[in-house]
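The values are calculated or read from the model by the stated rules, or taken from the named source; none is laboratory data. These numbers come from a predicted model, not from an experiment. Note: ideal-geometry Cβ built from the backbone for every residue, glycine included; neighbour counts use all protein chains shown.
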Amino acid sequence: MVELNENKRQAELIQRINELAHKQKKVGLNREEKQEQAALRQEYLANFRQGFKAQLLHTKLYNPQGQEITPAKIRKIQKNKGWRSN
């Protein structure tokens, strides 16, 4: 349920960011709208980065020979979080 709410929030952020971008192109934005636009963009980017980082931390990489080649830094984080035993 939390993921659904996060996805809904991201969709709302994108929609409002796009509304402000269209308005900016057509008639311009006042000071408050520019501040809102900047805040929305920062929130969107923070959410995107958090999701991307989580996705990377849950990823294991393998070469064509089937050997795991996940970087040591990622393996260490995964081990510390209890996501891997080795």
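Assorted remarks:
- Between LYS60, LYS79, the distinction of being of a type in the set (D, E, K, R) and either touching a Lys or Arg at 6+ places or on another chain (Cβ under 8 Å) or not in a helix (DSSP H, G or I) (or both) belongs to LYS60 only.
- Residue within segment 28-42 that is assigned to a loop (DSSP other than H, G, I, E, B) and at negative phi present: yes
- Any hit, segment 39-62, residues being basic (Lys, Arg), under 27 Å from ALA11 (Cβ atoms) and in contact with a helix residue (DSSP H, G or I) (Cβ under 8 Å, 6 or more places away or on another chain): yes
- Sub-9 Å Cβ pairs linking a first residue in segment 43-66 that is farther than 15 Å from ILE77 by Cα to a second residue that is of a type in the set (Lys, Arg) and at pLDDT 95 or above, at least 6 apart or interchain, number zero.
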